[in-house]
1. Which Rg and Dmax, in Å, describe the Cα atoms of the stretch 221-301?
2. Please report the spacing between the Cα centers of the stretch 90-154 and the stretch 22-84 in Å, no decimals.
3. Under 10 Å, Cα contacts only: if you run a Gaussian network model on the chain, which one of V185, V143, V56 comes out with the highest mean-square fluctuation?
4. For the chain, take the alpha-carbon Rg, divide it by the Kirkwood Rh, and send me Rg/Rh.
5. In nm, give the distance between the simple-model label positions of K10 and K283, each being 7 Å from the Cα along the Cα-to-Cβ direction.
6. With label points built 7 Å along Cα→Cβ from the Cα atoms of Y35 and K291, find their separation and express it in nm.
7. List the residues of the stretch 115-138 whose backbone N lies under 17 Å from a point placed 7 Å from the Cα of Q89 along the Cα-to-Cβ direction.
8. Give me a comma-separated list of calculated 3J(HN,Hα) values for the stretch 200-208, in order, Karplus coefficients 6.51, -1.76, 1.60 applied at θ = phi - 60°, integers in Hz, x for any Gly or Pro.
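Just so it is clear, none of the values below were taken in a lab; they were calculated from the coordinates. Computed from a predicted model, the values in this text were never measured in an experiment. Glycine gets a Cβ as well: all are built from the backbone with ideal geometry, and neighbour counts include every protein chain shown.
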Amino acid sequence: MLDLTAEIQKLKREKKAVILAHNYQRPEIQDIADYVGDSIELSRKAMQEKEAEMIVFCAVDFMAQSAAILNPTKKVLLPTLGARCPMAQMLTTDEIRRAKAQHPKAPVVLYVNTLAEAKAESDICCTSANAVEVIKSLKAETVLFGPDRNLAEYAAEKTGKTIIPLPQWGFCPTHLLFQPEDVKVLKQQHPSAVVMVHPECSGEMRKVADFIGSTSKMCRYAKESMAQEFIVGTEEGILHRLRKENPEKKFFTAYEGAVCPNMKLTTLERLYVSLKEEKHLVKVPEAVAAKARKALERMFQVN
Ligand code: SF4
């Protein structure tokens, strides 16, 4: 029988590939990856990668696109072609153009969870880790922001600025599954547990949170906190990393069903085939990439 882990390691060496995996990937994908992180950590890794000839991005479409935009000299592979983020599909370039025409003075801040064509229409990108800092860095008091409405509301609370969401209803289907009632039950079972919530969750979930932040911020917070137990309000894949980095602490998901099916499409088998056959190559036309790159690079200048 084929030892997939050994074969992937062999192919990785032969092809001078680096494997990047998002925090929401399956445990076995996280374990075989060279780097595990959230979208900003992985984008930075992809941008700074010099040695490797190939970047295999175990995540969803927009993240692999960002890698291809930020490091156009490398081959970027997305192991599963169907691994698409539904939130990224929610914002069209037409909608952005219409909003720009209506609010010509408002800069467009786009969450990285957007397709390259949308990014090309923006002034600056952000991730859930730096959305507040990015918006604070702008002089404008009114900002167009998309596609996640919950992140838009959270950023408005934190910055005091007027944030116009694009579209009005953008959301992550996985983070929408979290409900405060479940957290209350878990708190009864684990009264000393700290509740960590991702800003893609609803406002009701933010109200029951002790800590709100991106997955990279959750990892840092859990490591530095004196607390021994944590209830985690984000996609369940993060629990693998949290438990690995903090073996003495306990982590509970705030909802067992909080699984992103798109993130879970990447398996060891698909990663192996992708490396072996060098598919699926992610290409962004340079005219689009050049504009999107500016928005992404501007984000990196903020922090
Ligand atoms: S967790 Fe939500 S935002 Fe992230 S890839 Fe899945 S659907 Fe998209």
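1. Computed over the Cα atoms of the stretch 221-301, radius of gyration and Dmax are 18.5, 50 Å.
2. After rounding, the separation between the Cα centres reads 23 Å.
3. V185
4. A ratio of 0.97.
5. The modelled label-to-label distance comes out at 3.1 nm.
6. Simple spin-label model gives 2.8 nm for this pair.
7. Taking a point 7 Å out along Cα→Cβ of Q89, the residues of the stretch 115-138 whose backbone N falls under 17 Å are 115-118.
8. Coupling constants for the stretch 200-208: 6, 6, 5, x, 5, 5, 4, 5, 8 Hz.
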